[in-house]
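The values are calculated or read from the model by the stated rules, or taken from the named source; none is laboratory data. This structure is a prediction, so every number in the text was calculated from the model and none was measured. No Cβ is skipped: glycine too gets one built from the backbone with ideal geometry, and neighbour counts run over all protein chains shown.
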Amino acid sequence: MFINFVIMLLNFNLVLFFSMMLLSILVGVNSNSILYLWVSLEFNMISFIPLMLFSNKFYNDSFIKYFLIQSVSSSLMLFISLNMYMFMISSGGVMILFIVLLMKLGMFPFFFWYINLLINISWVNCFIVMSVQKILIFYFINNINVKLMESGVNKYLVCFFVIMSSIYSVMIIYKVNSLKLLLGSSSLNQMSWLMMILLLNFKLWVFYFIFYISILMMLFMIMFKFNILNLLDLYMLKSLMKFMIFLLSILLISMPPLVMFFMKSFIVYYSVKNMVLFMIYIMIFMNIIFSYYYMKIMMSSMMLSGGGEFMSIGLIYIKLDLVLFFICSVLMSFLVYWIVMI
């Protein structure tokens with residue numbers, strides 16, 4: 001009886017803090033004041049730390065690292081914002097604020113804490129850090145976008161940080177079998193794409209972010225349910241789950257004619273339109289290299305089954321929901337094309 005009560009209490013706490021986290025996001029995106037947005041960011045961080053404590057089976061210092069990084073960056077944000085408010089807003093001050101926001105995101109050159117955190121937390125918390133926790137930070141960057149890109153020096157510095165994040169995302173996963181590290185590096189690579197889209201077209205960023213977190217959520221649900229931690233664990237899955245991982249990996253690779261391919265083609269279009277050709281060339285090149293690591297997930301999921309026999313796709317019993325999922329992904333590509341080009 002006591003154990004059931006404790007489980008119920010923990011579930012109540014999880015729902016409570018997750019609701020508070022979502023509420024902070026809603027308040028933040030609907031506020032026009034930088035101060036309210038900063039308060040929403042702090043409220044969001046305070047709501048997430050208990051979720052890390054409740055969902056981790058074993059104690060580790062991950063939540064302390066997360067709290068320290070976010071607290072230091074938030075105090076710097078408040079200090080810089082107050083100075084910009086009291087004195088004249090300068091391009092240098094906006095650039096320093098942008099670098100502090102990069103620290104909160106975990107992009108170059110502050111990605112070490114981000115990768116280390118993802119390795120030591122659960123799959124559920126990994127998903128929250130990679131998706132939900134980034135919404136307000138990207139929204140903050142969008143609010144300072146105009147001032148940030150006024151200076152030519154700032155524009156080149158932003159391009160430098162985006163390119164280096166993309167390059168380092170490929171460098172840190174050489175000869176790695178840990179799926180958390182692999183998907184964490186993938187998140188770092190996707191953040192560079194998201195940052196570039198945000199500076200070019202906010203509407204396109206919204207669509208890209210929604211599709212990306214939707215794919216990520218489905219992939220992480222499989223990882224969490226079957227407690228998959230490395231590539232070798234994929235061999236023990238059933239055929240249906242392997243095929244699902246295969247489809248999600250194809251979506252992450254952005255292969256045509258799926259929706260993520262069209263999203264990135266629009267990014268290329270706006271990049272050429274805004275004359276950032278060198279940056280988009282490097283991004284595409286890094287994305288091609290990163291596709292190799294996605295192929296490791298795909299090949300691991302489609303090779304040997306749990307019984308040691310090779311899978312034949314023709315023998316897999318594909319449920320109707322998987323077929324509909326694939327068809328909807330193709331159809332969404334044309335919907336995105338129609339919406340973005342309006």
Filtering region 195-209 down to residues that are surrounded by fewer than 22 Cβ atoms within 10 Å (Cβ to Cβ) and touching a Phe, Trp or Tyr at 6+ places or on another chain (Cβ under 6 Å), which residue is nearest to residue 253 (Cα to Cα)?
204
Taking region 122-133 and keeping residues closer than 16 Å to residue 69 by Cα and either over 13 Å from the mean Cα position of the chain (by Cα) or in a loop (DSSP other than H, G, I, E, B) (or both) leaves none
Return the residues of region 160-194 that are touching a helix residue (DSSP H, G or I) at 6+ places or on another chain (Cβ under 7 Å) and at positive phi; say none if nothing qualifies.
none
May I ask you to list the residues in region 272-323 that are of a type outside the set (A, V, I, L, M), modelled with pLDDT under 70, part of a helix (DSSP H, G or I) and surrounded by fewer than 15 Cβ atoms within 10 Å (Cβ to Cβ)?
314, 321
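Do we have residue 269 as hydroxyl-bearing (Ser, Thr, Tyr), without any contact (Cβ under 8 Å) to a residue 60 or more places away in the chain and either surrounded by fewer than 17 Cβ atoms within 10 Å (Cβ to Cβ) or under 26 Å from residue 110 (Cβ atoms) (or both) here? Please lay out each step first, then the result.
Details: hydroxyl-bearing (Ser, Thr, Tyr): yes; without any contact (Cβ under 8 Å) to a residue 60 or more places away in the chain: yes; either surrounded by fewer than 17 Cβ atoms within 10 Å (Cβ to Cβ) or under 26 Å from residue 110 (Cβ atoms) (or both): yes.
So residue 269 fits the description; yes.
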Do the conditions hold for residue 138, that is, is it among the aromatic types (Phe, Trp, Tyr), assigned to a helix (DSSP H, G or I) and over 16 Å from the mean Cα position of the chain (by Cα)?
no
Restricting to region 164-184, what's the tally of residues that are of a type in the set (Ser, Thr, Tyr) and surrounded by fewer than 24 Cβ atoms within 10 Å (Cβ to Cβ)?
3
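Listed here are the residues, each with its yes/no results for (1) over 17 Å from the mean Cα position of the chain (by Cα); (2) crowded, with 18+ Cβ neighbours inside 10 Å.
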residue	(1), (2)
192	no, yes
211	no, yes
216	no, yes
220	no, yes
223	no, yes
230	yes, no
242	yes, yes
Cβ pairs under 9 Å, 6+ apart, first in region 88-110 and on the phi > 0 side of the Ramachandran plot and surrounded by fewer than 18 Cβ atoms within 10 Å (Cβ to Cβ), second at pLDDT 90 or above and small (Gly, Ala, Ser)
none
Residue tally, condition without any contact (Cβ under 8 Å) to a residue 12 or more places away in the chain and in a helix (DSSP H, G or I), over region 142-201
6
Return the only residue of 169, 192, 186 being among the hydroxyl-bearing types (Ser, Thr, Tyr), closer than 18 Å to residue 288 by Cβ and modelled with pLDDT of 90 or more.
192
